[in-house]
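The structure under discussion appears below in the form of structure tokens.
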Amino acid sequence: MNPKLRSVLFWIHLVCGLVVGLVVAVMSFTGAAIAFESQIVDWADHDARHAAPAAQGTPRLTLEEMIAKAKEAKPAAQPSGVTVSPEADSMVTVALGRGAAVYVHPYTGEVREQGAQGWRAFFHTMEELHRWLAASGDNRAVGKAITGVSNLAFLFLCISGLFLWWPRKWTLRSMRPTLWFRRGLKGKARDFNWHNVIGFWSLPVLVVLTASGAVISYRWASNLIFTLTGNEPPAAQGPMAAAPVPVPTPAPGTKPQPLDAQFAAVMKQSNAWESITLRLATPPAAGGQGGRGEGAPRGEGGARGEGGARAEGAPRGEGGARGEGRGGPGGAKGPQASAFTVREQERWPLFATNTVSVDPFTAQTLKTETYADFNSGRKLRTWLRFLHTGEALGWLGQLIAALASFGAVFLVYTGYALSWRRFVPRRRVQAPAASTVAAPPAVESETHAA
């Protein structure tokens, strides 16, 4: 690289890092902290989600009765989703608006609060910091703008850092100091070594995390994915955006089939399902879009709840199913299908789910959409969403994402430390007086002159 161009790039890299470094450190630390949120919450919440089976012969409550039990326990909340699991001892999850849910015993009607409240509060705080620096009210948009710009700046720092690191000579001797940690180093040499080594090994992951973060944060970046793959961008931002499925107009006075009948229709066509979630219709007065339920996904672009209730163990950010009822996204009118999100045990990609749209009046399946049915733009967009959290590659991907995020904290620290030493150099320590006395007069004068 041309020395002058390298110098200009260096100073841009340095100034950019100084400006956004603190925000990047907060986002990196919180990103590492929430890497295993779903596994930790599911583990800590196990006892609350499971109960001893009822006595033999006890009839199972209908889903409508379970929802009524949840409303009775939480009269101020609006049920927004229902999740069922195949295990005999699993409670039924009823999502209640934004960020809340209860567990209902399918035989006794017992209503339980969500467990792991301490963990949930911790992860909630980390998520708020990660998305918009824990800002509230009108300041939330400002916080989101700051994190979005800082994320883009960090992407630039990663790419520019690669050019600055690029060795003039590709020899093992010249590259060794930047490929692994060296013992015995202190001060500037140590910080320089750490900055280069951590940056080198975490660079590919950090580029993926920041690029996917931009796609999540900005509509233009999300649309660009569809444009580059030759597909029309969807009307709504997000990997799971899909048009609602219309329902043939029923005869006057026709009532919807019971929810159990609709669930049964979905179960028949699902292979070894792990969970099935139905997004319930939410009256406009209650918020329209519903909310995030038990373990529900962290939504797109910082929103908590792009979809309905998340099934146990489901990936964060996974869009919930739309319920039948008063129009759909974009203000669609007329009866809409009950859209079920089905998570099967054997699936690829790991975040894949099936959306089964059912006619609520006949319990007949109208449409089944799987990951294979997505166009290339939607597939790539979905991959980027779950690569951002590492969940696309399971626990190993989450671990790699967490380590890279934690490494970014040290990149910020060493970057600030190197900048401090550059702008605020340490004063030279004068030689002890005894040495001056012992030195010959000629040498002493040379020392002082230096």
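If only one of Leu9, Leu22, Leu63 is under 26 Å from Tyr413 (Cβ atoms) and over 25 Å from the mean Cα position of the chain (by Cα), which one is it?
Leu9
Looking at segment 124-166, which of its residues are charged (D, E, K, R) and in contact with a helix residue (DSSP H, G or I) (Cβ under 8 Å, 6 or more places away or on another chain)?
Residues of segment 124-166 charged (D, E, K, R): 127-128, 131, 138, 140, 144.
If the condition is that a residue be charged (D, E, K, R) and in contact with a helix residue (DSSP H, G or I) (Cβ under 8 Å, 6 or more places away or on another chain), then Glu127, Arg131, Arg140, Lys144 are the ones that fit.
So that you can scan it fast, the table gives a plain yes or no per residue for (1) within 20 Å of Ile216 (Cα to Cα); (2) buried (at least 17 other Cβ atoms within 10 Å of the Cβ); (3) modelled with pLDDT under 50:
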{"residue": "Ser275", "(1), (2), (3)": "no, yes, no"}
{"residue": "Arg279", "(1), (2), (3)": "no, yes, no"}
{"residue": "Ala286", "(1), (2), (3)": "no, no, yes"}
{"residue": "Gly302", "(1), (2), (3)": "yes, yes, yes"}
{"residue": "Ala321", "(1), (2), (3)": "yes, yes, yes"}
{"residue": "Glu346", "(1), (2), (3)": "no, no, no"}
{"residue": "Pro349", "(1), (2), (3)": "yes, no, no"}
{"residue": "Glu369", "(1), (2), (3)": "no, no, no"}
{"residue": "Ala372", "(1), (2), (3)": "no, no, no"}
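Taking the condition under 17 Å from the mean Cα position of the chain (by Cα) and touching a residue at least 12 places away in the same chain (Cβ under 8 Å), does Leu133 pass?
Working: under 17 Å from the mean Cα position of the chain (by Cα): yes; touching a residue at least 12 places away in the same chain (Cβ under 8 Å): yes.
Here the answer is yes, as Leu133 does meet what is asked.
Scanning for something buried (at least 16 other Cβ atoms within 10 Å of the Cβ) and closer than 28 Å to Asn2 by Cβ, does segment 257-270 turn up at least one residue?
Within segment 257-270 (the criterion being buried (at least 16 other Cβ atoms within 10 Å of the Cβ) and closer than 28 Å to Asn2 by Cβ), the answer is no, since none of the residues qualifies.
Within segment 68-97, which residues are more than 29 Å from Met126 (Cβ to Cβ), touching a residue at least 60 places away in the same chain (Cβ under 8 Å) and either buried (at least 16 other Cβ atoms within 10 Å of the Cβ) or β-branched (Val, Ile, Thr) (or both)?
Selection gives Val84 alone.
Find the residue count for segment 250-282, including only residues that are among the hydroxyl-bearing types (Ser, Thr, Tyr) and assigned to a loop (DSSP other than H, G, I, E, B).
Here is the first cut: in segment 250-282, the ones among the hydroxyl-bearing types (Ser, Thr, Tyr) are 254, 270, 275, 277, 282.
If we keep only those that are assigned to a loop (DSSP other than H, G, I, E, B) as well, we get 254, 270, 282.
Of the residues in segment 250-282, 3 are among the hydroxyl-bearing types (Ser, Thr, Tyr) and assigned to a loop (DSSP other than H, G, I, E, B).
Among the residues of segment 38-49, how many are more than 23 Å from Gly390 (Cβ to Cβ) and surrounded by fewer than 16 Cβ atoms within 10 Å (Cβ to Cβ)?
Counting residues in segment 38-49 that are more than 23 Å from Gly390 (Cβ to Cβ) and surrounded by fewer than 16 Cβ atoms within 10 Å (Cβ to Cβ) gives 1.
Using the structure shown, decide if Ala48 is in contact with a strand residue (DSSP E or B) (Cβ under 7 Å, 6 or more places away or on another chain), in a helix (DSSP H, G or I) and either among the basic types (Lys, Arg) or within 29 Å of Ala339 (Cβ to Cβ) (or both).
Yes.
Of the residues Gly109, Gly118, which single one is modelled with pLDDT under 95 and closer than 26 Å to Ser338 by Cα?
Gly109
Keeping to segment 88-137, report how many residues are farther than 27 Å from Leu278 by Cα and hydrophobic (A, V, I, L, M, F, W, C).
7
What pairs come up if the first residue lies in segment 206-222 and is not assigned by TED's automatic domain parsing to the domain that holds Ala141, the second is surrounded by 20 or more Cβ atoms within 10 Å (Cβ to Cβ) and part of a helix (DSSP H, G or I), and their beta carbons are under 8 Å apart, counting only those six or more places apart or on different chains?
If the second residue must be surrounded by 20 or more Cβ atoms within 10 Å (Cβ to Cβ) and part of a helix (DSSP H, G or I), no pairs are left.
Can you report the number of residues in segment 182-195 which are surrounded by 12 or more Cβ atoms within 10 Å (Cβ to Cβ) and either more than 35 Å from the chain's Cα centre (by Cα) or without any contact (Cβ under 8 Å) to a residue 60 or more places away in the chain (or both)? Walk me through how you get there before you give the answer.
From segment 182-195, those surrounded by 12 or more Cβ atoms within 10 Å (Cβ to Cβ) are 182, 185, 188-195; that's our starting set.
Applying the additional criterion that residues be either more than 35 Å from the chain's Cα centre (by Cα) or without any contact (Cβ under 8 Å) to a residue 60 or more places away in the chain (or both) yields 182, 185, 188-190, 193.
Residues that pass the stated criteria total 6.
Listed here are the residues, each with its yes/no results for (1) out of contact with any helix residue (DSSP H, G or I) (no Cβ under 8 Å at 6 or more places or on another chain); (2) closer than 30 Å to Ala392 by Cβ; (3) in contact (Cβ under 8 Å) with a residue 40 or more places away in the chain; (4) surrounded by 12 or more Cβ atoms within 10 Å (Cβ to Cβ).
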{"position": "Phe36", "(1), (2), (3), (4)": "no, yes, yes, yes"}
{"position": "Thr58", "(1), (2), (3), (4)": "yes, no, yes, no"}
{"position": "Leu63", "(1), (2), (3), (4)": "no, no, yes, yes"}
{"position": "Met66", "(1), (2), (3), (4)": "yes, no, yes, yes"}
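Quick check: anything in segment 132-140 at pLDDT below 95, closer than 19 Å to Ala417 by Cα and either surrounded by fewer than 20 Cβ atoms within 10 Å (Cβ to Cβ) or among the hydrophobic types (A, V, I, L, M, F, W, C) (or both)?
no
The values are calculated or read from the model by the stated rules, or taken from the named source; none is laboratory data. Keep in mind that this is a model prediction, so the values were computed, not measured. Glycine also receives a Cβ, built like all others from the backbone with ideal geometry; neighbour counts cover every protein chain displayed.
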